[in-house]
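*Asks:* The structure is given below, and queries will be raised subsequently.
The values are calculated or read from the model by the stated rules, or taken from the named source; none is laboratory data. As the structure is a prediction and not an experimental result, all values here were calculated from the model. Glycine also receives a Cβ, built like all others from the backbone with ideal geometry; neighbour counts cover every protein chain displayed.
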Amino acid sequence: MPHFHIDYSANLETVVDFTDFCHVIRRTALQTGVFPLAGIRVRATPCPHYAIADGAPEHGFIDLSVRLREGRPLDTRKAATAAIFEAARAYLAPVMARQPVALSMEMRNIDAALSPKTGSIRDFLQTDDT
């Protein structure tokens, strides 16, 4: 695994293609060489209820949270975070130029002893799907 979870203010649904954004994050995560193809999961969830800064309705937010199994060195995680954040920033730049949007990201470790896993994705994976 890692899990990439994108929370966003629902007012951005009409100006950001979140399906495409999920694929940008997936491809970038894979290109870092840090995350195994079969483990990458990216999802986006709209938040219909939110309040930002001064409450102006045009304000939006996108928060990318990455959870991954512990064990990767800090420098590796920093480099992956920088690459993924830069890809997100570049993708969202046209929207952010037109309206106020806060973009944030956090990567954190999951305690492997407390996170059992099973699945059959690897059994069905087409390795050329990048």
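*Asks:* Scan segment 44-61 for residues that are touching a helix residue (DSSP H, G or I) at 6+ places or on another chain (Cβ under 7 Å) and not in a loop (DSSP other than H, G, I, E, B) and jot them down.
*Replies:* Across segment 44-61, the qualifying residues are Ala44, Pro46, Cys47, Gly60.
One line per residue, one yes/no per condition, for (1) at pLDDT below 95; (2) farther than 28 Å from Phe124 by Cα; (3) in contact with a helix residue (DSSP H, G or I) (Cβ under 8 Å, 6 or more places away or on another chain); (4) assigned to a loop (DSSP other than H, G, I, E, B):
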{"site": "Phe4", "(1), (2), (3), (4)": "no, no, yes, no"}
{"site": "Val15", "(1), (2), (3), (4)": "no, yes, yes, yes"}
{"site": "Thr19", "(1), (2), (3), (4)": "no, no, no, no"}
{"site": "Leu30", "(1), (2), (3), (4)": "no, no, yes, no"}
{"site": "Gly71", "(1), (2), (3), (4)": "yes, no, yes, yes"}
{"site": "Ile84", "(1), (2), (3), (4)": "no, no, yes, no"}
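*Asks:* If we scan segment 42-63, do we find a residue that is touching a residue at least 40 places away in the same chain (Cβ under 8 Å), of a type in the set (Gly, Ala, Ser), farther than 22 Å from Asp7 by Cα and surrounded by 13 or more Cβ atoms within 10 Å (Cβ to Cβ)?
*Replies:* no
*Asks:* Would you pick out the residues in segment 21-41 that are over 18 Å from Ser115 (Cα atoms), over 12 Å from the mean Cα position of the chain (by Cα) and without any contact (Cβ under 8 Å) to a residue 24 or more places away in the chain?
*Replies:* Of everything in segment 21-41, just one residue is over 18 Å from Ser115 (Cα atoms), over 12 Å from the mean Cα position of the chain (by Cα) and without any contact (Cβ under 8 Å) to a residue 24 or more places away in the chain, namely Gly33.
*Asks:* Would you check which residues across segment 86-118 are closer than 19 Å to Phe4 by Cα, at pLDDT 85 or above and not in a helix (DSSP H, G or I) and list them?
*Replies:* Passing the criteria: Ala102, Leu103, Ser104, Met105, Glu106, Met107, Arg108, Asn109.
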